[in-house]
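Below: the structure, in structure tokens.
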Amino acid sequence: MVTLVGLGGGDRSTLTFGAYDAMMGADVIVGAKRLLEAVPEGANGEKKDAILAKDILEIIKEAGDKDVCVVYSGDTGFYSGTRSLVPLLDKEGIIFWVEPGISSIQCLASRLGSPWQNWNLFSAHGKQCDAVTAVMEGKPAFFLTGGDLGPADLCRQLFDAGLGDLRVCVGENLSYENENISVGLAGEMMNKEFATLSVMLAWPAPKPECPAHAPGIKDDYFIRGKVPMTKQDVRAAIIGRLSLDKTDTVWDVGAGTGSVSVEMAQMACHGRTYAVEVNPEGCMLIEANKRKFGAWNLTTIPGKAPEALADLPAPDAVFLGGTKGNMAPILDIVKEKNPKAKVCISAIVVETLNSAINELSSRGWDVEVAQISSSYGKKVANMHMMMANNPIFIITGMPHDEGEENA
């Protein structure tokens, strides 16, 4: 018989009777060295140190008819190694039983006297994790931490996004004698050191003054100055043509007030948006609109393109609202960072239209052109007169292979 056991928090107080009995009756106990040391006294099975599922499988096969117990930390159903071993056991036709454990989520929730059924759960243990997008979903975010990302690193992410005042809780060494629970602000906690065995809970980001809308937020909702702003109908057309996925990395070059940036950030809510703007007033407006709309996954990059683009991550989609005459070198950087990136360029004058078509085509993008003409009703006495905005050209560049597939 093979039993997969969750050891709980690590202390015997979090061990279930089912898990205890399985270890007491096992001929062989397999697991990481740290976990084998946590096996209770009286469990006399032969202990074998193994972490990888394929190595554990070999030990199980070598054991033959012996009773084998495989031990895991926490609960077997929460980011556990069981997810790798179970398919291998199924494939080999090996019968097994799972004994769940008490998870670190349950431990922390009990210490806080709080239910956890409405928490969003994330793992930053040995993998990349974006704390900013996690807290934007309107629910408390729970993080398993470890490896390169500890609680202080996650708090640094929050601080850098403008969420230094967000309340967080860190649980260290839960269930052990040196257990410690700390509650504070992300901006404070990012400067502290925490134990390797730590978890973190972050409360939701503040609700925006203006919640997320479908593409095409009303112009009046934005904080505006003397910096030009892309109008509502044009924004909607741009966002629609870029067909953003939730996890996309997006650039808005020549971001102005940040109106397009904000809508990009809302659409790519699990990704990152970078607003590049050379005008200091524009940068301040972008930050103000970021806070107003709760677009915490939006980062303002002060500076002039293409130089300001050098250190940005590869984009999935790019909008060029203003290039200061540097369209060609900007597109070169986009192409170098991601040849499959989608590009959208807005133009008022036909000279920019021609340049955009030529520059995109010469670099292998399939080009589509649209003209947006819009008018708005203005009340004159007891009547309404339509007032026309300047027509805008929207030039979209799609990767050549994607263009062929859609043809």
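Couple of notes before you dig in:
- Residues being in a helix (DSSP H, G or I) and either closer than 15 Å to Val2 by Cβ or of a type in the set (Gly, Ala, Ser) (or both) - total across region 82-122: 13
- Any hit, region 45-52, residues being crowded, with 22+ Cβ neighbours inside 10 Å and among the β-branched types (Val, Ile, Thr): no
- Filter result (small (Gly, Ala, Ser) and touching a strand residue (DSSP E or B) at 6+ places or on another chain (Cβ under 7 Å)) within region 185-195: Ala186, Ala195
- Within region 2-15, residues that are within 21 Å of Leu108 (Cα to Cα) have Cβ atoms under 6 Å from residues that are open to solvent by 30 Å² or more (accessible area, probe 1.4 Å) and of a type in the set (Val, Ile, Thr) in these pairs: Gly8/Ile102; Thr14/Ile102, counting only partners at least 6 apart in sequence or on another chain.
- Pairs linking a residue in region 266-285 that is closer than 21 Å to Ala314 by Cβ to a residue that is of a type in the set (S, T, N, Q) and part of a helix (DSSP H, G or I), with Cβ atoms under 6 Å and 6 or more positions apart or on different chains, are His270/Thr133; Thr273/Ser261; Ala275/Ser261.
A quick yes/no check of all residues on (1) under 30 Å from Lys127 (Cβ atoms); (2) more than 39 Å from the chain's Cα centre (by Cα); (3) of a type outside the set (A, V, I, L, M, F, W, C):
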residue: Gly10; (1), (2), (3): yes, no, yes
residue: Lys33; (1), (2), (3): yes, no, yes
residue: Ala43; (1), (2), (3): no, yes, no
residue: Glu58; (1), (2), (3): yes, no, yes
residue: Ala63; (1), (2), (3): no, yes, no
residue: Val71; (1), (2), (3): yes, no, no
residue: Asp75; (1), (2), (3): yes, no, yes
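Listed here are the residues, each with its yes/no results for (1) part of a strand (DSSP E or B); (2) at pLDDT 95 or above; (3) closer than 24 Å to Ile301 by Cα.
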residue: Leu158; (1), (2), (3): no, yes, yes
residue: Asn178; (1), (2), (3): no, no, no
residue: Ile181; (1), (2), (3): yes, yes, no
residue: Gly184; (1), (2), (3): yes, yes, no
residue: Gly187; (1), (2), (3): no, yes, yes
residue: Lys192; (1), (2), (3): no, yes, no
residue: Ala195; (1), (2), (3): no, no, no
residue: Met200; (1), (2), (3): yes, yes, no
residue: Cys210; (1), (2), (3): no, no, yes
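- Only listed residue being at pLDDT 95 or above and either of a type in the set (Phe, Trp, Tyr) or over 17 Å from Leu242 (Cβ atoms) (or both), chosen from Glu351, Glu336: Glu336
- Residue ranges of strands (runs of 3 or more DSSP E) in region 288-407 with at least 1 members surrounded by 21 or more Cβ atoms within 10 Å (Cβ to Cβ): 298-302, 317-320, 342-347, 365-372, 392-399
- Among the residues examined, Val71 does not qualify as touching a residue at least 60 places away in the same chain (Cβ under 8 Å), of a type in the set (Val, Ile, Thr) and closer than 30 Å to Glu209 by Cα.
- Restricting attention to region 123-152, the residues being surrounded by fewer than 24 Cβ atoms within 10 Å (Cβ to Cβ), not in a loop (DSSP other than H, G, I, E, B) and not hydrophobic (A, V, I, L, M, F, W, C) number 4.
- Condition check for Val170: among the β-branched types (Val, Ile, Thr), over 26 Å from Phe293 (Cα atoms) and open to solvent by 10 Å² or more (accessible area, probe 1.4 Å): no
- One residue alone among Arg224, Arg235, Arg241 is closer than 24 Å to Val262 by Cα and either part of a strand (DSSP E or B) or touching a Pro at 6+ places or on another chain (Cβ under 8 Å) (or both), and that residue is Arg235.
- Yes/no for Glu41 being among the acidic types (Asp, Glu) and outside any loop (DSSP other than H, G, I, E, B): no
Residue by residue, here is whether (1) surrounded by fewer than 24 Cβ atoms within 10 Å (Cβ to Cβ); (2) modelled with pLDDT of 95 or more; (3) in contact with a helix residue (DSSP H, G or I) (Cβ under 6 Å, 6 or more places away or on another chain) holds:
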position	(1), (2), (3)
Asp248	yes, yes, no
Asp252	no, yes, yes
Arg272	yes, yes, no
Leu285	no, yes, no
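Condition check ((1) under 25 Å from Gly64 (Cβ atoms); (2) among the β-branched types (Val, Ile, Thr); (3) open to solvent by less than 50 Å² (accessible area, probe 1.4 Å)) across all residues:
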residue	(1), (2), (3)
Arg83	no, no, no
Ile94	yes, yes, yes
Val98	yes, yes, no
Ser104	no, no, yes
Leu108	no, no, yes
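- Sub-8 Å Cβ pairs linking a first residue in region 128-140 that is under 15 Å from Ala268 (Cβ atoms) and among the small types (Gly, Ala, Ser) to a second residue that is open to solvent by 40 Å² or more (accessible area, probe 1.4 Å) and outside any loop (DSSP other than H, G, I, E, B), at least 6 apart or interchain, are Ala134/Phe122, ordered by first then second residue.
- Scanning region 105-114 for residues that are farther than 14 Å from Arg12 by Cα and either β-branched (Val, Ile, Thr) or out of contact with any Pro (no Cβ under 9 Å at 6 or more places or on another chain) (or both) yields Ile105, Gln106, Leu108, Ser110, Arg111, Leu112, Gly113.
- Residues satisfying the stated conditions in region 19-31, i.e. open to solvent by 30 Å² or more (accessible area, probe 1.4 Å) and either touching a residue at least 40 places away in the same chain (Cβ under 8 Å) or among the aromatic types (Phe, Trp, Tyr) (or both): Tyr20, Gly25, Asp27
The values are calculated or read from the model by the stated rules, or taken from the named source; none is laboratory data. Bear in mind the structure is a predicted one, so any value in this text is a computation, not a measurement. Glycine also receives a Cβ, built like all others from the backbone with ideal geometry; neighbour counts cover every protein chain displayed. For accessibility, only protein heavy atoms count, side chains too; no ligands or nucleic acids. Shrake-Rupley method; radii C 1.70, N 1.55, O 1.52, S 1.80 Å.
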